[in-house]
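The values are calculated or read from the model by the stated rules, or taken from the named source; none is laboratory data. Everything numeric in this text was worked out from a predicted model, so none of it was measured. All Cβ positions, glycine included, derive from the backbone under ideal geometry; neighbour counts span all protein chains shown. Quick note on the areas: whole protein, heavy atoms, side chains included, nothing else; ligands and nucleic acids left out. Shrake-Rupley method; radii C 1.70, N 1.55, O 1.52, S 1.80 Å.
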Amino acid sequence: MSLQMLWSLFLAHPAGAVNSLALFFALAGAWLCLMTRLREQRGMARVLAQGELDESEAQDERTVRINRFFYRFGAICLGAALLLSWLSTRL
């Protein structure tokens, strides 16, 4: 499909194109939040299986900061998806 054809499709249905972008952001944000939670649970299970530490001492500060960053970025993506979806109803 040529670029001109894609552009004409966007001009014909701008709300659908913006809503598709919102869907992409929603999927990306949800996937990022879910994978961060899964990574967090696996790390906790690995540390607890070794039996050396309890839950409060299981994660170091660097891991906590990275998990917090990914949760925030996922939440921003979900918020952007909500905003784009709302804006697409106005087109």
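On full extension of the chain, what length is gained from ALA28 through MET44, given 0.36 nm per residue of separation minus the C-alpha to C-alpha distance? Intermediate results must be reported in sequence, preceding the final value.
Working: separation 16, 0.36 × 16 = 5.76 nm, distance 2.42 nm.
Full extension from ALA28 to MET44 adds 3.3 nm.
From the helices alone, meaning DSSP H stretches of at least four residues, give me the mean residue ellipticity at 222 nm for the chain, per-run term -39500 (n - 2.57), in deg cm²/dmol to the nearest 500.
Working: 3 runs with 75 residues, N = 91.
Value at 222 nm, helices only: -29000 deg cm²/dmol.
Quick one: order ILE66, ILE76 from most to least accessible surface, probe 1.4 Å.
Details: ILE66 70, ILE76 110 Å².
Accessible-area ranking of ILE66, ILE76, largest first: ILE76, ILE66.
What is the angle, in °, between the Cα long axis of helix 3-12 and the longest principal axis of the Cα atoms in the chain? Nearest 10 is fine, range 0 to 90.
80 degrees
Report the net charge of residues surrounding TYR71, where surrounding means a beta-carbon distance below 12 angstrom and charges are Lys +1, Arg +1, Asp -1, Glu -1. Mind dumping the intermediate values first?
Details: positive: ARG37, ARG39, ARG65, ARG68, ARG72; negative: GLU40.
Result for the local shell: +4.
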